[in-house]
1. Between Ile55, Ile92, Ile13, which gets the highest mean-square fluctuation from a Gaussian network model of the chain, Cα cutoff 10 Å?
2. List the residues whose amide H sits under 5 Å from the amide H of Leu34, counting only those 5 or more places along or on another chain, with H placed 1.01 Å from N in the peptide plane.
3. Rounded, prolate or oblate: which fits the chain when a ≥ b ≥ c are the square roots of the eigenvalues of the alpha-carbon gyration tensor, with rounded for a/c under 1.5 and prolate only if a/b beats b/c?
4. Given the pairs Lys73/Lys94; Lys20/Lys73; Lys56/Lys86, which span a C-alpha to C-alpha distance of over 30 angstrom in this model?
5. Under the 0.36 nm per residue contour assumption, what length would be gained going from the current alpha-carbon distance of Lys57 and Arg74 to full extension?
6. Provide the net charge surrounding Ala32, with neighbours chosen by a C-beta distance below 11 Å and charges set as Lys +1, Arg +1, Asp -1, Glu -1.
7. Mind listing the long-range amide H neighbours of Leu18? Cut-off is under 5 Å, sequence gap 5 or more, other chains count too, H placed in the peptide plane at 1.01 Å from N.
8. By how many degrees, 0 to 90 and rounded to 10, does the Cα axis of helix 48-69 deviate from the longest principal axis of the chain?
Amino acid sequence: MERSFDFVILLDIYGELLSKGQREALDMRYNADLSLSEIAEETGGVTRQSAAYSIKKGEQRLTELEELLGFAKRLKTLSGQLDKAKALLRDISKDHRDKRLEELNGLLEKIEREL
């Protein structure tokens, strides 16, 4: 995963554990793709350095939380396993028409939406 994608996922998982300022700065940086100047302006006219500091500290905290708890890593692993299961099911379904296979596919899709 590229770096910005990592922080988008980490922010979704752990964002509520950050300070409000860090969470908002990271949200503007990674979800709204704002520049440091734009973030500084949006947060009430703080300096660019202050915005950069909030982002840096927020990134450090997200990284620490992931190293400690590992939820994003587990999510990535489960998502990969789910993709493999769905591919196997598609292959099996080509050869066999069975209501149970359709039901299994529905369950896998529901799990995918919940992830």
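1. Of the options given, Ile92 has the highest mean-square fluctuation.
2. Arg29
3. Here the chain falls in the prolate category.
4. Correct reply: Lys73/Lys94; Lys56/Lys86.
5. Full extension from Lys57 to Arg74 adds 3.7 nm.
6. Taking every other residue near Ala32 into account, the sum is -4.
7. Residues meeting the amide H criterion: none.
8. 40
The values are calculated or read from the model by the stated rules, or taken from the named source; none is laboratory data. What you see is a predicted model; the values in this text were computed from it and never measured. Here Cβ is always computed from backbone atoms with ideal geometry, including for glycine, and neighbour counts include all displayed protein chains. Just so you know, the surface numbers come from the protein's heavy atoms only, side chains and all, with ligands and any DNA or RNA stripped out. Shrake-Rupley method; radii C 1.70, N 1.55, O 1.52, S 1.80 Å.
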